[in-house]
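To keep things clear, I will list the structure first and then write my remarks on it.
The values are calculated or read from the model by the stated rules, or taken from the named source; none is laboratory data. Bear in mind the structure is a predicted one, so any value in this text is a computation, not a measurement. Cβ sites come from the backbone with ideal geometry, for glycine too, and all protein chains shown count toward neighbours. Side chains included, ligands, DNA and RNA excluded: accessible areas come from the protein's heavy atoms. Shrake-Rupley method; radii C 1.70, N 1.55, O 1.52, S 1.80 Å.
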Amino acid sequence: MEKLILASTSPRRIEILKDEFEIETVKPQIEEKIGFVEDPISNCISLAFEKAASVAEDYTNETILSADTIVVLDDKVLGKPKNREDAFKMLRSLSGREHRVITAFAIINLDRKIKYTDYVSSSVTFKDLSDSDIDEYLNTGEYVDKAGSYGIQGIGKVLVSHYEGSFLNIVGLPLEEVKSVIKKIDEGRLNGI
């Protein structure tokens, strides 16, 4: 089993990776900001790369993996909620509508001169939610620290009508795509910066 340094302390990402890789987690020392000079996808990719790069400096001969997940509704990014009221507004805006969940990931190995970024996009459609549906979900506390204020892998699945694309991408890490890139690196089919 290959070892990865995961530039994240996300329990969701750790859970996704733990059966596939030996992982060591390191919290990236960067400030996560949603301030766009470019489109949301470019910003998401940039943030994932910054996370990996901040950790790679101390692990030059290791393979570093990082990711960043955003929820996009009508070209507006819904980040992690500031509080319950903010979460309520987000969930109200998602009610009965389709949105995109985008996870960008970065893989860096400085010794092997590898710096790679990519992203995966999935679509999620919410059921029509009443205020009491939203309040009931918020009472679970699951919304805290989640982009878009919900977790599809937990109780939040009751909010979702359907989704298209990678389920694990919506959770926070597109595992199959990550494994494919790491396999290419291991086989020498992805070289250089």
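Values as computed for the structure displayed
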| read-out | value |
| --- | --- |
| Per-residue SASA entry for K127, accessible area with 1.4 Å probe, Å² rounded to 10 | 90 Å² |
| Label selected from [x] 12; [y] 19; [z] 43, the criterion being percent of Cα pairs over 31 Å apart as computed here | [y] |
| Cut-off 9 Å between beta-carbons: net charge of the residues surrounding V124, Lys and Arg +1, Asp and Glu -1 | -1 |
| Of K80/K157; K27/K146; K3/K82; K80/K127; K127/K183, pairs whose Cα-Cα distance is over 28 Å | K3/K82; K127/K183 |
| Distance in nm between pseudo-label sites at S42 and D133 (7 Å out along the Cβ direction from Cα) | 3.6 nm |
| Probe 1.4 Å - accessible area at F88, Å² to nearest ten | 50 Å² |
| Accessible area per residue in Å² at 1.4 Å probe, computed on the chain | 50 Å² |
| Mean ellipticity per residue at 222 nm, deg cm²/dmol - from DSSP H runs of n ≥ 4 across the chain, formula -39500 (n - 2.57) | -9000 deg cm²/dmol |
| Inter-label distance for D118 and T140, nm, one decimal - labels placed 7 Å from Cα along Cα-to-Cβ | 3.1 nm |
| Amide H partners (placed H, <5 Å) of V77, local residues excluded | none |
